[in-house]
1. Is at least one residue of the stretch 64-78 at pLDDT 95 or above and among the β-branched types (Val, Ile, Thr)?
2. Could you identify the single residue in Leu142, Leu170 that is open to solvent by less than 70 Å² (accessible area, probe 1.4 Å) and touching a Gly at 6+ places or on another chain (Cβ under 7 Å)?
3. If I filter the stretch 75-89 for residues that are outside any loop (DSSP other than H, G, I, E, B) and without any contact (Cβ under 8 Å) to a residue 40 or more places away in the chain, do I get at least one hit?
4. Collect the residues in the stretch 73-126 that are open to solvent by 20 Å² or more (accessible area, probe 1.4 Å), in contact with a strand residue (DSSP E or B) (Cβ under 8 Å, 6 or more places away or on another chain), closer than 20 Å to Val7 by Cα and aromatic (Phe, Trp, Tyr), keeping them in residue-number order.
5. Which of the residues that make up the stretch 149-163 are open to solvent by 30 Å² or more (accessible area, probe 1.4 Å), in contact (Cβ under 8 Å) with a residue 24 or more places away in the chain and either over 18 Å from Gln61 (Cα atoms) or assigned to a loop (DSSP other than H, G, I, E, B) (or both)?
6. Only one of (1) aromatic (Phe, Trp, Tyr); (2) touching a Phe, Trp or Tyr at 6+ places or on another chain (Cβ under 7 Å); (3) closer than 22 Å to Val149 by Cα fails for Phe49. Which number is that?
7. Pick from the stretch 5-59 the residues that are in contact with an Asp or Glu (Cβ under 9 Å, 6 or more places away or on another chain), without any contact (Cβ under 8 Å) to a residue 40 or more places away in the chain and part of a strand (DSSP E or B): which of them is least open to solvent (accessible area, probe 1.4 Å)?
Amino acid sequence: MRRIAIVGCSGGGKSTLARQVGARLGLPVIHMDTLFWKPGWVESDHDTFRAQVDAAAAGEQWVMEGGFITHSTARFARADTVIVIELPIWLCLWRAIVRMLVNFGRIRADLAPGCPERFDLPFYRYIWDYNRKTQPRMAAALAQYAPHVRLVRLASDKAKRTFLAGLQPLSGD
């Protein structure tokens, strides 16, 4: 595993798992949110963001986490492994709210500079609707752009821990 995409619902632990996998395997970690958001929660324009994701995906080794289905063609095509986090939606929503309360006003490492944690009702609606609206689109994108990859589905925190425990650091070959 040298190019790993991590996808799943917000609040499911993609960023945390990406950091853990990156540390374990010695791979650079790319948080797509840091590519997409500009200071003040301003969205990047479509072409600029796609170019940044494509450039990041061109690297030989990486762990890239985030949603952004429509900008993931290169990421999925170049990945050798896709990890799909499939935690219950109620748990993702709970974790996102707790994360907001704990980090309110602070800038997290997996977000762009100038984007402090905040209350964002549309974001929580997105989480609530994830399985109905986003997950089918993600599955279709993976089937279309990543039919060749090793697909790892993790449906619990225990499954994440077991997966991490089984990872062996990359050899220098």
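The values are calculated or read from the model by the stated rules, or taken from the named source; none is laboratory data. All figures in this text were calculated on a predicted structure; none of them were measured in a lab. With ideal geometry, Cβ positions are generated from the backbone for all residues, glycine too; neighbour counts draw on all protein chains shown. The accessibility values were calculated without ligands, DNA or RNA, using every heavy atom of the protein model including side chains. Shrake-Rupley method; radii C 1.70, N 1.55, O 1.52, S 1.80 Å.
1. No, the stretch 64-78 has no match at all.
2. Criteria check complete, one pass: Leu170.
3. No, the conditions are met nowhere in the stretch 75-89.
4. Scanning the stretch 73-126 gives no hits.
5. Residues satisfying the conditions are Arg153, Ala155, Ser156, Asp157.
6. (3)
7. Result: Ile30.
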